[in-house]
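Below you'll find the structure, written out as structure tokens, and then a few comments.
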Amino acid sequence: MISETIEKDSIFLPAIKPKATPKKFSFSSYGVNIRFESNDQDLLDETERVARKALINRILPCGVANPEYVFRIEIDKKDTLFLFQNGVELGSGSSRKGFFKFFDSIIRVAVARDAVDHIFLHAGVVGWRGNAIVLPADSFHGKSTLVAELVRQGAVYYSDEFAIFDSRGHVHPFQRLLNMRADDGKFTPYEITVESLGGVVGKDAIPVGFVLLTKYEPKGVWKPKLITAGNGALEMIPFTASLRNRPEFTLQVLKNIASNAIIASSSRGSAKKFAKTLLDYVDSNVV
């Protein structure tokens, strides 16, 4: 599942009335039409930069008069920031960093929910010998750490956040920086590049060879249990963003994935030790 959170130092206040003649920026991403408006040009420019980074610059010009989403970003005289989606206030905050962290999540969720010809699965993805290994998981279950270790072992990086599938069930790269969390008791977030891991980024869509439902457990033991195609599709549903908005298309894509891939579930131990075990298993059972 995808969480939508804002930092603790954010302050929620009553909505303010948008000013006349707002500045605008419009674009389309994965078929979803979006317009940004603001009462401040610098704020609008920063909003565009955050959106481009959030969507890995998968942005095209859009002149649609009535887009699916209109986001308005306001700043008042006290430097409090306000975010509106289609006229409804979503939140506000005095922390610029917290505000745009929240917005980063909101814009990705909006595109994931309404993407026209793709579905977004909350998962890590690597390529291995021409096929994808997909790791559906919630946040804080170690998927970014496992993806990083798989890349160190020679797997091709596709994503540590979203597996993006076309109608065939082939997965496309979503190559943002890897979002890691420090082992400091506070899980402080930080980003690393694929190059720093000695890895490479995938460029082409590839079929799925293996789907593993797993999470890190301190005493986790690798005992893979195979799942049928029908149950495998059902197991992936909770990690899919578009089910409510596009149920028929979403379910068909999940069925396409499940019918062509091996699906298994198991707990696991540390990513550093498990990465090679996983690749060896795929070599023996999938490739």
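The values are calculated or read from the model by the stated rules, or taken from the named source; none is laboratory data. Predicted model, so just to flag it, every value in this text is computed and none were measured. As a convention, Cβ positions derive from the backbone with ideal geometry for all residues, glycine included, and neighbour counts pool all protein chains shown. To get the accessible areas, we keep the full protein, side chains included, count just its heavy atoms, and leave off ligands, DNA and RNA. Shrake-Rupley method; radii C 1.70, N 1.55, O 1.52, S 1.80 Å.
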Checklist outcome for this item: How many residues of the range 114-140 are of a type outside the set (D, E), assigned to a loop (DSSP other than H, G, I, E, B) and open to solvent by 30 Å² or more (accessible area, probe 1.4 Å)? The answer is 6
Next on the checklist: What's the number of the only condition in (1) at pLDDT below 95; (2) touching a Pro at 6+ places or on another chain (Cβ under 7 Å) that L121 fails to meet?
Outcome noted: (1)
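So, F210, is that one aromatic (F, W, Y) and surrounded by 14 or more Cβ atoms within 10 Å (Cβ to Cβ) or not?
Details: aromatic (F, W, Y): yes; surrounded by 14 or more Cβ atoms within 10 Å (Cβ to Cβ): yes.
Yes: the conditions hold for F210.
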Checklist entry - What pairs come up if the first residue lies in the range 225-240 and is closer than 18 Å to K215 by Cβ, the second is of a type in the set (D, E) and open to solvent by 60 Å² or more (accessible area, probe 1.4 Å), and their beta carbons are under 7 Å apart, counting only those six or more places apart or on different chains? => result I227/E235
Next on the checklist: Here's a check for you: in the range 132-156, which residue that is within 14 Å of the chain's Cα centre (by Cα) and among the hydroxyl-bearing types (S, T, Y) is farthest from L251 (Cα to Cα)?
Outcome noted: S144
Checklist outcome for this item: Expected output for the range 111-129 (first residue under 20 Å from V201 (Cβ atoms), partner in a loop (DSSP other than H, G, I, E, B) and of a type in the set (S, T, N, Q), Cβ below 7 Å, 6+ apart or cross-chain) is F120/S242
Checklist entry - Of the numbered conditions (1) under 27 Å from I107 (Cα atoms); (2) without any contact (Cβ under 8 Å) to a residue 24 or more places away in the chain, A205 satisfies every one except a single condition; which is it? => result (2)
Checklist entry - Within the range 59-87, can you find the residues that are part of a loop (DSSP other than H, G, I, E, B), of a type in the set (D, E) and either without any contact (Cβ under 8 Å) to a residue 40 or more places away in the chain or surrounded by 16 or more Cβ atoms within 10 Å (Cβ to Cβ) (or both)? => result E68, D79
Item to check | Residue in the range 1-13 that is in contact with a His (Cβ under 8 Å, 6 or more places away or on another chain) and either surrounded by fewer than 12 Cβ atoms within 10 Å (Cβ to Cβ) or at pLDDT 95 or above (or both) present | outcome: yes
Checklist entry - What about I263, is it assigned to a strand (DSSP E or B) and in contact (Cβ under 8 Å) with a residue 12 or more places away in the chain? => result yes
Checklist entry - Which condition breaks for N179 when tested against (1) open to solvent by 20 Å² or more (accessible area, probe 1.4 Å); (2) over 30 Å from D280 (Cα atoms); (3) not in a loop (DSSP other than H, G, I, E, B)? => result (2)
Next on the checklist: Suppose we keep only residues that are touching a strand residue (DSSP E or B) at 6+ places or on another chain (Cβ under 7 Å) and assigned to a helix (DSSP H, G or I) within the range 233-248. Which one would you say is most open to solvent (accessible area, probe 1.4 Å)?
Outcome noted: E235
Next on the checklist: Take L226 and tell me if it is more than 20 Å from the chain's Cα centre (by Cα), open to solvent by 60 Å² or more (accessible area, probe 1.4 Å) and either of a type in the set (A, V, I, L, M) or farther than 24 Å from S266 by Cα (or both).
Outcome noted: yes
Item to check | Members of the range 167-187 that are touching a strand residue (DSSP E or B) at 6+ places or on another chain (Cβ under 7 Å) and without any contact (Cβ under 8 Å) to a residue 60 or more places away in the chain | outcome: H170, V171, H172, P173, L177, L178, N179, M180, R181, A182, F187
Next on the checklist: Based on this model, can you work out whether K273 counts as free of Cβ contacts under 8 Å to residues at least 12 places away in the same chain, assigned to a helix (DSSP H, G or I) and either surrounded by 15 or more Cβ atoms within 10 Å (Cβ to Cβ) or not aromatic (F, W, Y) (or both)?
Outcome noted: yes
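Hey, any hits in the range 154-172 for a residue that's surrounded by fewer than 17 Cβ atoms within 10 Å (Cβ to Cβ) and either farther than 19 Å from D117 by Cβ or modelled with pLDDT under 90 (or both)? Show your work before the answer.
Start the filter on the range 154-172 by keeping residues that are surrounded by fewer than 17 Cβ atoms within 10 Å (Cβ to Cβ), which leaves 154, 166-168.
Narrowing the set further to residues that are either farther than 19 Å from D117 by Cβ or modelled with pLDDT under 90 (or both) leaves 154.
Yes, that holds for at least one residue.
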Checklist outcome for this item: Inside the range 88-113, the number of residues satisfying the requirement of being open to solvent by 40 Å² or more (accessible area, probe 1.4 Å) and either part of a strand (DSSP E or B) or within 23 Å of A163 (Cβ to Cβ) (or both) is 5
